[in-house]
Amino acid sequence: MMARTRLAWAYLAPLLITLALVAAWPLLRTIAFSLTDANLSDLSQWQFVGLANYAYLLSDPQWWRAVGNTLLFTLLSVGLETILGLVIALTINAHMPGRGLVRAAILIPWAIPTVVSAKMWAWMLHDLYGVVNVLLMNLGLIDRPWAWLADPTLSMAAVVLVDVWKATPFMALLILAALQVLPLDIYEAARVDGIGPVKSFFHITLPLIRPALLIAVIFRSLDALRVFDVIYVLTGNNENTATMSVYARQQLVDFQDVGFGSTAATCLFVIIALITTAVITLGRVHVSASGNDR
Amino acid sequence: MTPLVLLRRFLFYALVAAILFYTVFPFYWAIVSSLKSGSAIFRVEFLPAAPTLENYRALFAEQSFARNIVNSLFVASVATAISLALGVTAAYALGRIKFRGRAAILFAVLSISMFPQIAVLSGLFELIRAAGLYNSLTGLIFSNLILTLPFTTWVLTAFLRELPRELEDSAVMDCASSFRIMTEIFLPLMAPALAATGLLAFILAWNEFLFALTFTLSNEKRTVPVAIALITGASAYELPWGRVMAASVIVTAPLIALVLLLQRHIVSGLVAGAVKG
């Protein structure tokens, strides 16, 4: 079996070398930069500054604003995507004519590049000529055009709206896949026992699809925590919506401060790594706990 | 049919209609807007009164959008090809051979796909500049690998694991080398999985924005997402929305066509890799 093991490593070598070069080394360099005052114009000239960048970052209200924005964005968008994804998945799962058509239609937002969907919505949400304002005014829901992307309170709602539109199909498809393998006889039994559809959803469907739902929520949350494209295209570096990624890039590229920008990037990395580890550990605990029940 | 059943059916189809409207309307609106030129774009008409292809013409005649499309095609294709080649070899080891450290490598691959892109930005920037690849398509291909390679490896490993054990048992008896087992037994079986994984990896690279924005400088080297994000008008406050929508339609229509054509494979690939486009 030694030969097989050697063979395995030989097959893995190209992957491991590439990933080391494109992921591991750049990450280590970013962490190293975070301890320096490196500048983008000349990365070879830098001074070691210890934890000074970290001290400054933790005292910068803009950073905490970005942390708050990121958490709010993640909570709102993933929450709405889960609810909408459930509604869409349950609808498609119901037997009806034209089901394939609806499933194809929900793939459209998913296939559209994030930047493009952000631009499409920026035009639809345009304060003067946007179709959203016109429709809402015609329906009498608002009495004057709203400045969706400029208004400090509305802009967060707008970026969440666009992200929800783009990412809900992903959620719906994952939930749909889980729904389609559910055993039908349970529902038959529930109906015989006179249990209504709402009750059977909360007591049968939801517990059964919970593992799949959890995975979808975790993947989407990790995506939302590092969000950049949709925010940057819709509202630029505006502090009302800037997330941790946007903040870090602004420091790194716009202000050329590679040392400080790397500090912010490292903090985002650490936050995501901690959450991932927590989720994996809790997941294991949960799996073993449910194993003991049976 | 009782009124209650009718009402329920009506509400159900109203829900279906609402879902269709919600998912399709923004793209429809982009198409409609792209066909309006001049001041027509500022009027809300659900069918353009005087449809024109002026925006599409301007996109190719007045700026280097054709060049941007070629750049994107090139970067995404090469990154996908490299990721499939490296991914399939690695997946063979991870999916078909039992060895110590396999779980650790799978964990590492999964962790890398969770990396925030910003966390490798300064390190990659330094590497790309040192290699003389700043403002080059090669630099973009290289940086895209961090997105596509973990994805292809993960999905193809999941696929290879599912294949029955007898496949190589019979071949080992015939004294076939492991390389021949891989190329002659597994590769033909994997064709559909490779196509679906390849398409999803292509979409990942085609949509990539942060690296393309940061590692390029001139319009001739930009990819489509960056070009669209940076389209500007005569003044900073006057975005040529018709042109932006025309560009959006051009880069999205082929993707939608491909996705609809391969939707069955895509859904299974999505579930296996849990990837967001």
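Worth pointing out:
- No other residue among A:Ser59, A:Ser44, A:Ser34 is within 12 Å of chain B (Cβ to nearest Cβ) and exposed (fewer than 13 other Cβ atoms within 10 Å of the Cβ) apart from A:Ser44.
- Residue within segment A:145-152 that is aliphatic (A, V, I, L, M), under 28 Å from B:Ser33 (Cβ atoms) and in a helix (DSSP H, G or I) present: no
- Per the listing B:Ala108, B:Ala81, the residue uniquely over 30 Å from B:Ser218 (Cα atoms), more than 7 Å from chain A (Cβ to nearest Cβ), in a helix (DSSP H, G or I) and not hydroxyl-bearing (Ser, Thr, Tyr) is B:Ala108.
- Residue within segment A:206-225 that is more than 27 Å from A:Pro61 (Cα to Cα), acidic (Asp, Glu) and part of a helix (DSSP H, G or I) present: no
- Within segment B:134-169, considering residues that are at the interface with chain A (Cβ under 10 Å from one of its Cβ atoms) and without any contact (Cβ under 8 Å) to a residue 40 or more places away in the chain, the one nearest to B:Ser72 (Cα to Cα): B:Phe142
- Inter-residue pairs, beta-carbon under 6 Å, first modelled with pLDDT under 90 and in segment B:1-13, second exposed (fewer than 10 other Cβ atoms within 10 Å of the Cβ) and assigned to a helix (DSSP H, G or I), 6+ apart: none
- A:His126, sole failed condition from (1) part of a helix (DSSP H, G or I); (2) buried (at least 17 other Cβ atoms within 10 Å of the Cβ): (1)
- Taking segment B:164-183 as the range and being aliphatic (A, V, I, L, M) and either assigned to a helix (DSSP H, G or I) or at pLDDT 80 or above (or both) as the test, the residues that pass are B:Leu167, B:Ala171, B:Val172, B:Met173, B:Ile181, B:Met182.
- Any hit, segment B:210-219, residues being more than 10 Å from chain A (Cβ to nearest Cβ), in a helix (DSSP H, G or I), at pLDDT below 90 and surrounded by fewer than 17 Cβ atoms within 10 Å (Cβ to Cβ): yes
- For segment A:109-151, a tally of residues being aliphatic (A, V, I, L, M), within 7 Å of chain B (Cβ to nearest Cβ) and touching a residue at least 12 places away in the same chain (Cβ under 8 Å) returns 2.
- Taking the conditions (1) more than 17 Å from the chain's Cα centre (by Cα); (2) more than 24 Å from A:Trp121 (Cβ to Cβ) in turn, A:Leu214 satisfies each one other than (1).
- Only residues that are within 15 Å of the chain's Cα centre (by Cα) and either charged (D, E, K, R) or not assigned by TED's automatic domain parsing to the domain that holds B:Phe159 (or both) were counted across segment B:173-217, and they come to 1.
- Looking only at segment A:193-232, residues that are more than 9 Å from chain B (Cβ to nearest Cβ), over 30 Å from A:Lys119 (Cβ atoms) and surrounded by 18 or more Cβ atoms within 10 Å (Cβ to Cβ) come to 3 in all.
The values are calculated or read from the model by the stated rules, or taken from the named source; none is laboratory data. Since we're looking at a predicted model, the values are computed, not measured. Quick reminder, even Gly has a Cβ in these numbers, built from the backbone with ideal geometry, and neighbours come from all protein chains shown.
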